[in-house]
Structures are given as structure tokens and as C-alpha cells.
């Protein structure tokens, strides 16, 4: 039963009842309700338990500021944590749960924390769980279990999310009166406009007001204006859309909660100008037990009554230090509630609204304060004291009034969050008693209540002004826009009341909550000061004030004021904490957008990929490439397949798809000069048609990349890079050409994808090519090791390189990728008589390790010089090259540097884990000196025993020494240091 | 996400660019003649200013040109971008 | 040329399926060959020789396309992409090599390394905006404009050519499967 639903009024659709469940019980609301308004309509006042003290909590607000009704929405994989009930549109079948309270929100064992709440003061966890340190992990588990606001779903999110990039002249955040005026001005001028509002419909605070604009109800005006704005071609109006981040160069992010197949959409907007019109957030008053269910903000009470036709209480006490709450009293009164009293801390009372209240017969108590609240799971009454305007000392709370609703207003604070995120400061306005946006540092204007303009007339005017200023800055003509007529009431100014005096000492009285979400009270802040905290940022971290998803929406200003009082400073001297994005919580789903599952990261595929796939290859990721790892026959595991692939290649013929190598075409009259400076070897001495193994060093002398390079002509070279290094190397080469040596005439073009590279390796590789009517003589004389020829294979034009990464007689075939798959198939068919065996990256690694060839990035890690790899023979003494000077730095000349060695396990059977640390003496006291580590390790089927490569301090002088390889979870393995070349040390096979 | 002006392609999103560190560092003409300290100074030492910073950026996803950017390290404000070799404009 | 595309048949079938679903049309342009041309506009004779060989102007303004028998994209101050009928690409590459042989210039036939896609339909600008930070407003990304940028997580060259809502998207061959899967997802 919707017992609190008013018979008429509201912006709900009574013809569309919606069923929903909360904490296992069924309820009914209407289309147009939020979850919060529907719960209140059903008289559900106990919504949740508080974060730390497990106190019963109800709904306080009606929008983004709500600190208590943060619920778990939906079930299973669809569940959404951390949603404010005030911002969840009611839907048929919606399921919501409290996030705190075990076994339930009505009886919560954790509430014992409240009984001992004095123990749970600021810094409780820091102080209590310090010792013994070894138990911290256990403590942390327990604390985390009882903390937190919700549960993350355990299954993959089945919903879809997306990103969209947008550009506009004017982005308007907030569709209240100011935002609408700004957007109207922008739209009429023909600008590209995005108007975003977090609500389900435009209007902002007007949706809860009875104000008149241009002689008609404000909501009618809203409808007319919103319809006009939507009608312009270059205007995008986003509802249910929160502008949650404001970043450099006017880049803003918006989450749109959509209807349809996409659950949420993230807009990434680049705006030339921004108008910030997010309005203001009402502040609570800080009295004892001000967190009891039934204590609500005045703006929220008005909104529930006028927008949702829900009466949140029958008998209300209104407590205020300003005029705004009188509106809530009038709304309550006209909805049929009894106003027990308006308790106004100001002895002067209110302006026009005060007169209206008196005329309605509402009792007003000026110069009084509400000091305490009775009732635990629901307000039952308040204690009231007279007050003379001084916060010092204790007061005599002699008046008791029974009520079921306390409506409070401590004034308004502009929602300066986005302004602050943009990098700008906020300025304290003494006359308004709030922070207002300070000088903008990006192209943005604040407007309306968010700019400290309280009356409707001021908001409309300020919105039009901001719109015009933004348009002018964006280079548009001022549109003709008249500010509509709206009333402006005589208002008596707010009198600051940051902390309501109690009948007891402020450190002993019942809890006066500043930050409801984080359970931070006045006493906590005062304790922090007593313990020596002075800076607001430190107090924030010690007390959790303004932490987490709340981001200080309700509690910050009151908290700063209480801190200022305790420190004997002014509020602007204390200053604000930094507001950080997101303004309200953003789901991980929408952060990821479409980049999930197979689209998480691009999968690059070679032109032969489909053959690998249909041949049952197992793949591994190398950079973004998906490369065949090994090709198992039925029943084979990795080890068996790799052993077979290795033996077949060494004995007869293997074939490898090496297309992922980076390939760069180098052309230009200065190509030699350029490459001489890049590579360590003598490039100029290379003859046309010859290849060389080349390494590139960083300027620090460390090996950066390697690969085969070939001289194709006087002024033309072909370079290969490692698979993962292709883009980085090209960028690196271009940086030297463009920034350091612009006088060199060289063009670099990436041809990585243009050519597929098929390596055929093994004693029968020459026979295979010969069989395919290779158009060039493959004999050693015409085609020696490390040379290149253009050729035709089976009628397909190719470039043939006689190079070897396996130590076998081998050729690499470069072919236009459009012909790669048919050529591969042709090679496979022709190779059948040689038992041609496709192999993957694992076998490639084993074969090269048997030869002691390093893989940059596996056997090197950015701290390895070519000298450490015993590659002195590649270092030209006749020229300068990048990194050369560094090789003579004292550190690079140390003889105890880590050097590349081979390692053999002493038992001849154990494969040492890669990454194992090498140590000399098992009994050495901790910390045990590390000699180095194992960088590559495999079982060699050809040799019949395991082999490994490693980097060992002074390794070359330790030949035949025994060290211990120790990896986590393994016993230490005795290993002997040997030469890194295990197979064919005289290189007879590749030259065959 | 920054909006960076490529001197050739115009304003583009930061994701199209890669950062190349501090600009204006010239590789010594004859490294062999430098002391270890002088070489280390070229290799490792950067100004790391609080405020205006001359930077190298590469329009990696676009025209692949390297160019100069003056960016404030406190406010992130980019005051200009320029073709290298043109010197600092304005 | 045909073998690879025959192998992509399954993918094209998938494209056909979602085309009819969303009213967003995409086709793989295997009729186009791709040449990458590098050259120095400041070098006497380069421009004249290149344009005479190709038979149409090289676009010199950044982010523009020259359309004719070939479609030429500006890629950088000294770099162009020439899309030309596939069967003519190898010839044109040879002709450019020889007519520019006394120039500091570089020609690479990259027909095997790139895939061109034509995207059309009313939703094409919206679809592109979902993965690319460029401004696709019809009055900004007008016909004859081009840009290199990122679409989803792939590097692409995008050009508006042949109609208001018609775009050519050129992507490296190894990224084509990924990009088509992404387009399928967002469209």
C-alpha cells in the first residue's frame, strides 16, 4: 500500500503502476517514481545501515547528494552496486537491496558498533590494528568484510556499454532554469550544443517548485523551452546523463543511463565553451542524532511532495537557519501534514515566505534550535532549546515536540565539483556563507544556483548571461533572448549555524553527523584537531570526511566550518579539499565500453592465420599478434609437440610463419650515413645483396632492438625489427631523422603488413625451394649465407633471404601478403616428401636457444649492453653510433656485470624455471646475494637434456662453476655455468 | 585528454600522439671527446620545470611528424606547438 | 589477389547479415590497389613528375583528398596514399619508381598490407564517432577531407569521398579482422 501517496499531483503516471522488490518484500510505485520516492510512498523509512557504526538510516535527499540510500540494484551478473535510490528510475520488476546490515537491515548485529561508538572514533582502524604488524593481513580481511557499500557482481557483465566521442561549441551541464536559458541562447544562435542533465527530465529545481514564469507554472515554461531546444538540428539533449569529469582543454565525460540495448554510454566531449549550471546542494544542520530516519533535507521534502506526490511524514518539525525551508513547510502544509513548528535559529525569522507560513497558521519559533532527535529507526520527536545566536556552551533543551519528520535546511552550497575539477579554485562568499566558483581557468562559465544565485529571477538572468558570454567567446553572434519574468521574494539572509549547540559538551553529546556516508561526526573532527591535525586534507584522510562516492556533497562545508572553529580559524583559511572525478560513481562497464572480450585489445593476424587455425595450432600473444605457439598432433601436449617440431626441423625441414617481424623500407641518398649512426656494425661496408645481423642501442648503450637488415641497392635497405618493437623502432628512427639530422635525405616506410615472411629451415630447405622451380641458383656460391635475391617460387614473385634463426640451413621468403596463403600451401604440399613440419614460437625459441641466440626483451631487459652479450665483434671502432659513448662509461666496463652464459642442470633432467634467481651459497645469510637470473630455459630434444640461458655477474669468469637456481615454490637446482652455444658451435649447418 | 595541435594536421586528441620528452636537447657532435660527466649530463639530466616546458611530441597515429610543444606542467595549458627547426615562434 | 578475399568469405557473410539489420553498409574494397609515395615538395621536378605519372594532382593541403582515376590521400607533408584500381597498381608503382628515379623519393606498393573498406549509410558518422575522436560533423568532415587517426584501437586512414555519408577507411591488413568485429559490435 502506498500509504504516503497523495491523491493527486506529482509528475508520476498513475496509469502505470510498477511492481518492485526491496530487501525481499514486494512494493508498488508508479512510472515517474525514483526508487527513493516509491520507497517513501510505501512508508519504508529504514533503508540502510551506516558504514562504520551500523546506525539505522533513511533517505535524506532527493538527488546526487543522497548519502544513505546507496543500494544494490538488480541480481546476479546484472547487479549494480553503489546506486543512489534517489537517482534510480523505478522500473517494473526492479530488485533492490540494502548494502549494509547482517542478517538484515532491521536487525543488524553490526549495530553493536554504535553501542561502543566511542571506541570507533576517528583513526580507529589506524590506532587499533597497528600491532602486531604480522596480523595486519588478517585484520584487513575482517575490516574489508565489514566495510564497503555493496558487492561487485561475480559473473561477467552481460550488458553492453559504449563510448561515443562528441564535439560541440557549447556544453551545458544542468538543465535547470540557468542551464535552460544558456542552452536556449546557444541553440538559437546556431551553435552546436550539448545539454546534459542527470535527471529523467529537464527542469532541475523547478520540478519541485510552484514558481511562476511568464505568468504560467514554471514546469510549463520548462516544457516549452526544452521542446524548442530539442528542435534545433545541432543540439543534443541528454537526460539521465551525469557530467562526471572535467579534464584539461575542455574535455568532459558524461555517463548516459540509456534505455535499450546499450545499458550505459560514455560521452567523451570536447567543448569549445562550457556552461556549468549544476545547481546547488542543500546543507544539513548538525544536531545530535541528525541521522535518524525521518530527518530530511527541506528541498527533498518539497521534491517528494510536489514531484512525486509522496508525503514523507504526517507531523513535521522544520528546522532552518534560512528562508528556503519555509517553502517545504508550506508544501507539507498544503499536502495535509501538520507542521508542529518551524524552528528558526534566526531571531528575525523569515521574509515573504515567513509571512505566508504565518498566514497558513503554521507556528514559527524564531530564535530556537533543534538540539536532539528521539527515536531510533524512525524519528519520534525532537528536543528544542531557545538560542541567542552564540555557538559556545551548552544549551537547555527544555522543549519536547513529537513528530515523525524533521525537515532541515542549513542553506545551500553551489555544486562546484566540476569547476574544481577543471583546475579552478573556489572562493568563499561571506555574504552567502558558501564557496562559489572562483575565476575560471578553462573556457567555462558558471551560472545559476551553482554560481551562488538563489532566486529564480537571478538564475534565469545568470543563465542567459553565461550563455551569451560563452557564445561570444566561441565566436557567435549574440542571439536575441529575453529573460522571462519571474518573481523574486523578499528574503531574510541566512545566519550561519555550522554546529548546533547541544545539552552536553560537543565531545560527549550524542553523535552530530557531518558526513553521513562515512559516519564522520563533529566529535571526530574535533578529536583530529586535538591529536594535532591542522590541514583539511589531513583531517579528511584521518576522519574520512568527504571521502569516497560522497565527495563531500553534503558534509564538506559543515565539516570545514567545524574544523575552522576547532582550529580558531576562518573557513576560507581552512580551505576546501580537492574535488575529484567522478562526480557520482561510474560503473566499470561503461569505462570499458566496447573494449571487452575479443575487442579488449586488437588481435593482429597474419595472412596465413586461417591455415594455422584450421591446422589446430595453439596460439600465444606476442605484442598484439596472435602467433602459432605450437602445432599439436592428436594426443600431444606442448612438450611432445615441441620436441617433434625441433627434431623434424633439425633432421629435415620445418616451416615457420615469421610475418610478424617488423619491416621497414629505407630509401634515400643518405641511407648509409643514417644507418651507420643507428647500427653498431659497419653498414657502409655491406655490398648490395648482402644481409647483416644488426643491433640498435639506446643512447645509454643498452640493447634496444635487433634484427636482420639487408642492403638492396646503393641507397636502399630493408630492416627487420622484433615483433613487439616494430612501431617503437620506426618512431625512434624517425625521431633521429626529424629532430637531430633533418639534413639527411632518407625515407622510412613501414612494410610490416605488406610482406609475409615464411621461414623454411632444415637440411632440406634448399631442396624444397629448388623443387618449386626457384628462379635463382640456390648454391653456396651464388647464394651464400647472409645474402638476398629477388626470385620466383612456383611462379610467385618473392624476395629470398638466406638467414637463419635456428642455426640450420634456412631461407626466409618474403612474399606479398596477398599471395602468402597460397604460397604457404604450395610449400606445405611440396614439402610433404621431406616431412615438412610447421612449427610455432616455442620451437623457434628452443632452436635459437640451442644456438645461444638471444631474444631482445627476454634475454635482455634494458640493462644489458652488447658487451654483456659477448657481441663485441659487432661493435665498430671506426665510427660513432647511438649509444657508443655509453659503452665506455665506468659502469659499462665493470667486469662483474651480468653476462650472458649457458646453464646446465647438474642432474641433466630438470628444466630450470625461467626467472629463477641464481645464488652461489645456499647457506649464505639473508639477504642472499643474487648473482643473476635465468632468462630462457627449455628441454632440448636434439641434445637430449635441458638447456638454459642466464645473466650472471662476472659469468664468463665463472665457467664450470656450480650455482643454485632458485624459483618460488621449487627446491634449489644445481646448475653448471657453460658456454651459451649448445649446438653446432662452429656454425657448420647454417653455412652448409 | 589533451588537445594538441599538430603543426600539419591541426588539433587532434592526445591519443593520436606519443610523447618524446624534453625538447631542445642536442646530441653532442663528438661524444668521444666528452668526459663521463658531460655525457651523463646529456644522457640523463633534464630541467623538469614547474611551469612552461618545451616538449617533443610525435603525431604517431597521424602524419608521423615530430614537433615542438610548449606546455605548462602545472596547468597543462599548451601555449604553442611548432615545427622543429623553425625555432620558437612568437 | 583473390585468394585472401575468398578466405574472408565468412566475414563478408557476417557483414551482409548485420548490414540488413542496421541499415549501415560496409564493403571490402578488394578492387583497389594501394601505393605509398614519399617525396619532397621542395625538390624541383618532384611534383610535376609525380603528377604527370599519376595523371592527377597530389593533394598538398593537409587532410585533403585528390579524386580522379586514383584517389590520393594526403598523409603528411611528404607522404601520400594512392588508391588505384588493383590491376593497375603494380604498373603505376613501377612507373613512379622510374619517373622519380633521379629524385629523393620512395614508392612502396602496399596493396597486400592494407585493406580498404567503404562505409555508407545514415549512421556512418555516428558509428565512426563511437571509435574515433575526430569531429565527424557533416560541416566539419566534409567530402574531400581525410585524416589518419585511431578507430577503436586500430590506426586508420579515413576519407570522406563519393557522397555525403560515404567514407573510405583504410586499415592495416593484420588489424582488419579486429576492426570488422568492432564495427559489427558498435553498428
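Structure notes:
- Among the candidates C:58, C:75, C:41, C:47, the residue that is away from chain B (no Cβ under 14 Å) and either touching a residue at least 24 places away in the same chain (Cβ under 8 Å) or in a loop (DSSP other than H, G, I, E, B) (or both) is uniquely C:58.
- If the condition is being at pLDDT below 95 and either closer than 30 Å to residue C:158 by Cα or surrounded by 15 or more Cβ atoms within 10 Å (Cβ to Cβ) (or both), then the range B:26-77 contributes B:76, B:77.
- Total residues in the range A:32-74, condition outside any loop (DSSP other than H, G, I, E, B) and surrounded by 24 or more Cβ atoms within 10 Å (Cβ to Cβ): 14
- Positions within the range A:383-399 being under 20 Å from residue A:505 (Cβ atoms), part of a strand (DSSP E or B) and touching a residue at least 24 places away in the same chain (Cβ under 8 Å), in sequence order: A:383, A:384, A:385
- Strands (runs of 3 or more DSSP E) wholly inside the range A:242-291 containing at least 2 residues that are surrounded by fewer than 22 Cβ atoms within 10 Å (Cβ to Cβ) and modelled with pLDDT under 95: A:262-276
- Taking the conditions (1) within 23 Å of residue A:691 (Cα to Cα); (2) in contact with a helix residue (DSSP H, G or I) (Cβ under 6 Å, 6 or more places away or on another chain); (3) at pLDDT below 95 in turn, residue A:818 satisfies each one other than (1).
- Condition check for residue A:698: on the phi > 0 side of the Ramachandran plot and either touching a helix residue (DSSP H, G or I) at 6+ places or on another chain (Cβ under 7 Å) or more than 14 Å from chain C (Cβ to nearest Cβ) (or both): no
- Selection count where residues are surrounded by 15 or more Cβ atoms within 10 Å (Cβ to Cβ) and at the interface with chain A (Cβ under 10 Å from one of its Cβ atoms), scope the range B:16-25: 4
- Leading residue by the ranking (nearest to the other protein chains (Cβ to nearest Cβ)) among those in the range A:402-421 that are farther than 30 Å from residue A:315 by Cα and surrounded by fewer than 24 Cβ atoms within 10 Å (Cβ to Cβ): A:421
- Search result, residues across the range A:777-786 that are under 57 Å from the mean Cα position of the chain (by Cα) and within 25 Å of residue A:822 (Cβ to Cβ): A:778, A:783
Okay, residues lined up against (1) touching a helix residue (DSSP H, G or I) at 6+ places or on another chain (Cβ under 7 Å); (2) in the same structural domain as residue A:309 (by TED's automatic domain parsing); (3) surrounded by 24 or more Cβ atoms within 10 Å (Cβ to Cβ):
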{"site": "A:186", "(1), (2), (3)": "yes, no, yes"}
{"site": "A:193", "(1), (2), (3)": "yes, no, yes"}
{"site": "A:202", "(1), (2), (3)": "yes, no, yes"}
{"site": "A:209", "(1), (2), (3)": "yes, no, no"}
{"site": "A:220", "(1), (2), (3)": "no, no, no"}
{"site": "A:224", "(1), (2), (3)": "no, no, no"}
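- Within the range A:596-621, if we keep just the residues that are surrounded by fewer than 18 Cβ atoms within 10 Å (Cβ to Cβ) and within 25 Å of the chain's Cα centre (by Cα), the residue that is farthest from residue A:159 (Cα to Cα) turns out to be A:621.
- Candidates A:617, A:640, filtered to the one that is more than 14 Å from chain C (Cβ to nearest Cβ) and touching a residue at least 40 places away in the same chain (Cβ under 8 Å): A:617
- Qualifying residue in the range C:152-169 (condition: closer than 17 Å to residue A:166 by Cβ, within 8 Å of another protein chain (Cβ to nearest Cβ) and in contact with a strand residue (DSSP E or B) (Cβ under 8 Å, 6 or more places away or on another chain)): no
- Residue list for the range C:83-96, filter: more than 10 Å from chain A (Cβ to nearest Cβ), surrounded by fewer than 18 Cβ atoms within 10 Å (Cβ to Cβ) and in contact with a strand residue (DSSP E or B) (Cβ under 7 Å, 6 or more places away or on another chain): C:85, C:88
- In a residue-by-residue description of the range A:505-517, the property of being within 14 Å of another protein chain (Cβ to nearest Cβ), surrounded by fewer than 20 Cβ atoms within 10 Å (Cβ to Cβ) and touching a helix residue (DSSP H, G or I) at 6+ places or on another chain (Cβ under 6 Å) applies to no position.
- In the range C:139-151, the qualifying residues are those that are touching a residue at least 60 places away in the same chain (Cβ under 8 Å) and surrounded by 22 or more Cβ atoms within 10 Å (Cβ to Cβ), and the one that is farthest from the other protein chains (Cβ to nearest Cβ) is C:146.
- Residue match in the range A:739-760 (condition: away from every other protein chain (no Cβ under 11 Å) and under 19 Å from residue A:871 (Cα atoms)): no
Quick grid of which residues meet (1) more than 44 Å from the chain's Cα centre (by Cα); (2) in contact (Cβ under 8 Å) with a residue 40 or more places away in the chain; (3) closer than 21 Å to residue A:806 by Cβ:
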| site | (1), (2), (3) |
| --- | --- |
| A:931 | no, no, no |
| A:939 | no, yes, yes |
| A:944 | yes, no, yes |
| A:949 | no, yes, yes |
| A:958 | yes, yes, no |
| A:962 | yes, yes, no |
| A:970 | no, yes, no |
| A:973 | no, yes, no |
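- Residue in the range A:719-731 that is surrounded by the most Cβ atoms within 10 Å (Cβ to Cβ), counting only those that are part of a helix (DSSP H, G or I) and more than 11 Å from chain B (Cβ to nearest Cβ): A:729
- Only one entry in A:589, A:635 is assigned to a loop (DSSP other than H, G, I, E, B) and more than 9 Å from every other protein chain (Cβ to nearest Cβ), namely A:635.
- Each residue in the range A:732-766 was checked for being outside any loop (DSSP other than H, G, I, E, B) and under 43 Å from the mean Cα position of the chain (by Cα), and 18 of them qualify.
- The requirement of being on the phi > 0 side of the Ramachandran plot and touching a strand residue (DSSP E or B) at 6+ places or on another chain (Cβ under 7 Å) is not satisfied by residue A:635.
- Residues in the range A:8-17 that are touching a residue at least 60 places away in the same chain (Cβ under 8 Å) and surrounded by fewer than 20 Cβ atoms within 10 Å (Cβ to Cβ): A:8, A:9, A:11.
- Yes/no for residue A:460 being under 21 Å from residue A:323 (Cβ atoms) and either modelled with pLDDT of 95 or more or in the same structural domain as residue A:62 (by TED's automatic domain parsing) (or both): yes
- Some residue of the range B:5-12 being part of a loop (DSSP other than H, G, I, E, B), touching a residue at least 60 places away in the same chain (Cβ under 8 Å), more than 7 Å from every other protein chain (Cβ to nearest Cβ) and under 14 Å from the mean Cα position of the chain (by Cα): yes
The values are calculated or read from the model by the stated rules, or taken from the named source; none is laboratory data. Quantities reported herein were computed from a predicted structural model and do not represent experimental measurements. Cβ sites come from the backbone with ideal geometry, for glycine too, and all protein chains shown count toward neighbours.
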